[in-house]
Amino acid sequence: MSPDIDTTLPFAEDGADVALIRLIEALLFAAPTPLSAADLASRLPAGADVAALLGALADHYHQRGVVLVESGGRWAFRTAADLAGHLRLETTEPRRLSRAAIETLAIIAYHQPVTRADIEEIRGVALSKGTLDLLLEAGWIHPCGRRQTAGRPLTWGTTESFLDHFGLGSVDDLPGVEDLKAAGLLDRRPALAAYGTHARDGDDILADVEDEGTLTGQPGRRETDQLDLLRPPPRRPRG
């Protein structure tokens, strides 16, 4: 133990004072929130000098890893400020990308540099405000300048962090359409044909389309128009 740390109790010789200080110490440790002098006095015998007892307790702890501090007229034990760096715990929390974010990232990767309007045109649905912000915060996309057209829209491209995360040497190493189909990531059939097959098998693919925002393969259409293409015609009542 370091000789610079005073481990002697600076309490009065009176055994009653020692007992009161121990009681205050226990109350402060057990309390879920800081306590005021009045809170402590309500648990002590009448006439107890709470200020002096708190001062003696603070002096005893002032060189310890836990110190007694006053804030806003309330007292509590806190870890020593000089030890904060040793107690800080940093963890990496993975964030799962939404389907919209994954689709947007794929469009940027394969079509860069691409504008927000381009992304919406390819996906067929409006792009929510936070999708690009999420990818930008992840460090996977970055602004690539402005397109020299009306309105000079901002264009987006992927970053070196994107390539490193997915183990790519360059964007030229991105898998092609046939590679994705071979890996089972793309349906080899057109979307409408695939829907017809699933419908015959009894699968409710329309519900998946509405919930997940799956596109029908019809570029340039809004999602509501695309869903109309998948819905079967209404049945006519029998005469």
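The values are calculated or read from the model by the stated rules, or taken from the named source; none is laboratory data. Quick caveat, the model's predicted, so the values are computed rather than measured. Neighbour counts run over all protein chains shown; Cβ positions are idealised from the backbone, glycine included. Note: areas computed on protein heavy atoms with side chains; ligands, DNA, RNA excluded. Shrake-Rupley method; radii C 1.70, N 1.55, O 1.52, S 1.80 Å.
So Ala150 ticks every box in (1) over 23 Å from the mean Cα position of the chain (by Cα); (2) under 22 Å from Arg96 (Cα atoms); (3) open to solvent by 70 Å² or more (accessible area, probe 1.4 Å) but one. Which box is left unticked? Among (1) over 23 Å from the mean Cα position of the chain (by Cα); (2) under 22 Å from Arg96 (Cα atoms); (3) open to solvent by 70 Å² or more (accessible area, probe 1.4 Å), the lone unmet condition for Ala150 is (2).
Looking at region 61-70, can you tell me whether even one residue there is modelled with pLDDT under 90, farther than 30 Å from Leu163 by Cα and not in a strand (DSSP E or B)? Checked region 61-70: at least one residue is modelled with pLDDT under 90, farther than 30 Å from Leu163 by Cα and not in a strand (DSSP E or B).
Matching residues to (1) under 27 Å from Thr33 (Cβ atoms); (2) not small (Gly, Ala, Ser):
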| site | (1), (2) |
| --- | --- |
| Leu57 | yes, yes |
| Glu70 | yes, yes |
| Arg74 | yes, yes |
| Ala81 | yes, no |
| Leu87 | yes, yes |
| Thr92 | no, yes |
| Ser98 | no, no |
| Ile102 | no, yes |
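Can you tell me which residue among Thr79, Thr33, Thr104 is under 30 Å from Gly157 (Cα atoms) and either touching a helix residue (DSSP H, G or I) at 6+ places or on another chain (Cβ under 6 Å) or not charged (D, E, K, R) (or both)? Among Thr79, Thr33, Thr104, only Thr104 is under 30 Å from Gly157 (Cα atoms) and either touching a helix residue (DSSP H, G or I) at 6+ places or on another chain (Cβ under 6 Å) or not charged (D, E, K, R) (or both). Restricting attention to region 26-60, the residues that are surrounded by 15 or more Cβ atoms within 10 Å (Cβ to Cβ), β-branched (Val, Ile, Thr) and assigned to a loop (DSSP other than H, G, I, E, B) total 0. Take region 121-138 and flag every residue that is outside any helix (DSSP H, G or I) and loosely packed, with under 14 Cβ neighbours inside 10 Å. Of everything in region 121-138, those that are outside any helix (DSSP H, G or I) and loosely packed, with under 14 Cβ neighbours inside 10 Å turn out to be Ala126, Ser128. Do we find a residue being of a type outside the set (Ser, Thr, Tyr) and surrounded by fewer than 12 Cβ atoms within 10 Å (Cβ to Cβ) anywhere in region 97-120? Yes - at least one qualifying residue is present in region 97-120. Take Ala16 and decide whether it is at pLDDT 85 or above and either open to solvent by 40 Å² or more (accessible area, probe 1.4 Å) or touching a Ser or Thr at 6+ places or on another chain (Cβ under 8 Å) (or both). When the stated conditions are applied, Ala16 does not pass them. Within 38 Å of the chain's Cα centre (by Cα) and on the phi > 0 side of the Ramachandran plot - does that describe any residue in region 23-46? Looking for residues that are within 38 Å of the chain's Cα centre (by Cα) and on the phi > 0 side of the Ramachandran plot, one finds none in region 23-46, hence no.
From the list Glu70, Glu93, which one is under 30 Å from Ile21 (Cα atoms) and either free of Cβ contacts under 8 Å to residues at least 40 places away in the same chain or out of contact with any strand residue (DSSP E or B) (no Cβ under 8 Å at 6 or more places or on another chain) (or both)?
Details: Glu93 fails: under 30 Å from Ile21 (Cα atoms).
Of the residues listed, the single one that is under 30 Å from Ile21 (Cα atoms) and either free of Cβ contacts under 8 Å to residues at least 40 places away in the same chain or out of contact with any strand residue (DSSP E or B) (no Cβ under 8 Å at 6 or more places or on another chain) (or both) is Glu70.
Scanning region 110-140 for residues that are closer than 19 Å to Pro175 by Cβ, at pLDDT 90 or above and among the aliphatic types (A, V, I, L, M) turns up just one, Val114.
Can you name every residue in region 127-143 that is at negative phi and free of Cβ contacts under 8 Å to residues at least 24 places away in the same chain?
Residues satisfying the conditions are Lys129, Gly130, Asp133, Leu136, Glu137, His142, Pro143.
Please tell me if Ala52 is in contact (Cβ under 8 Å) with a residue 40 or more places away in the chain, touching an Asp or Glu at 6+ places or on another chain (Cβ under 9 Å) and small (Gly, Ala, Ser). In short, no.
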